[in-house]
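Readers should treat all values here as calculations from the given coordinates under stated rules, not as data from a laboratory. Fair warning: this is a prediction, and the values are worked out from it, not measured in the lab. Positions of Cβ are backbone-derived with ideal geometry, glycine not excepted, and every protein chain shown enters the neighbour counts.
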Amino acid sequence: MTSSSSTAAAALAFFSFQAAGSGQDGRRDRDTARDIRNERSCAPARRALRLAVWSLAAAMGLGAAGAQATPVAVDVSGVQSMDLLGDAGNTVWWIDVGAHAVLNRLSWSITLEAFSPSLLAEMQLSFGASSGLDQVSFTPGGGDFLSGTSRYTGMLDLGGLGLSVGADGLLRLEFSEAFKDFAPGVADGRWLGGTLTFDVTRATAVPEPASLALSLAGLAAMAGLGAVRRRASRRPD
């Protein structure tokens with residue numbers, strides 16, 4: 001009888017252990033199934049988030065690497081060569097070449113006329129950013145110490161000078177004289193015709209710092225929201 005009672009007690013204990021184990025297994029199974037459902041429901045959001053991150057990275061990469069060389073032609077026909085560099089009577093033009101564009105090369109095919117006693121070698125062009133600082137001056141007829149008319153072609157490599165325009169994208173051109181022969185306001189010469197061609201490198205648009213920060217913050221918020229939802233879904237019932 002004692003033996004039967006012990007056997008019955010042992011069987012009851014074993015049964016209780018098995019029942020408890022089955023309950024834990026069942027709970028784990030339910031938790032696993034719920035996690036699988038949650039993972040499946042979150043998968044589209046994660047894919048969308050990854051796609052957004054990849055798209056943003058691609059846009060930034062293309063913006064950084066997507067620079068292109070562009071020729072900008074300027075017709076100088078009829079420009080008067082008036083006074084010394086910086087004088088108020090000079091002809092000054094502003095050409096839009098794109099924000100922060102880099103100046104690589106200048107080529108020209110032009111005809112100049114110097115009014116005697118002024119010289120062709122004295123007619124010059126200065127160019128640079130719209131601020132007027134860091135200007136480069138060149139004389140197409142350099143070495144021609146005579147008056148009259150002459151045609152010039154040539155090319156000037158600007159690559160080693162590090163020249164660029166500012167955020168306004170404006171290239172400043174000032175036509176002047178290296179030496180003034182006539183009274184102020186009276187032309188010493190004239191650019192009869194021809195074209196100046198600037199080879200510039202324009203950077204494609206990239207996200208502004210503020211826009212980029214907002215984009216990254218939005219992506220971080222999406223990721224954080226997804227994590228909170230996953231944690232909430234895993235809380236015990």
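With the cut-off at under 16 Å, measuring from each backbone N in the range 96-121 to a point 7 Å along the Cα-to-Cβ line of residue 75 picks out 109-111. Summing +1 for each Lys or Arg and -1 for each Asp or Glu among the other residues whose beta-carbon sits under 10 angstrom from that of residue 105 gives -2.
Which of 74, 103, 143 sits farthest toward the positive end of the charge dipole of the range 74-145, with +1 on the Cβ of Lys and Arg and -1 on the Cβ of Asp and Glu? My answer, from the dipole projection, is 103. Here the 3J(HN,Hα) profile of the range 108-117, calculated from phi with Karplus coefficients 6.51, -1.76 and 1.60 at θ = phi - 60°, is 8, 9, 9, 10, 10, 9, 9, 7, 4, x Hz, Gly and Pro shown as x.
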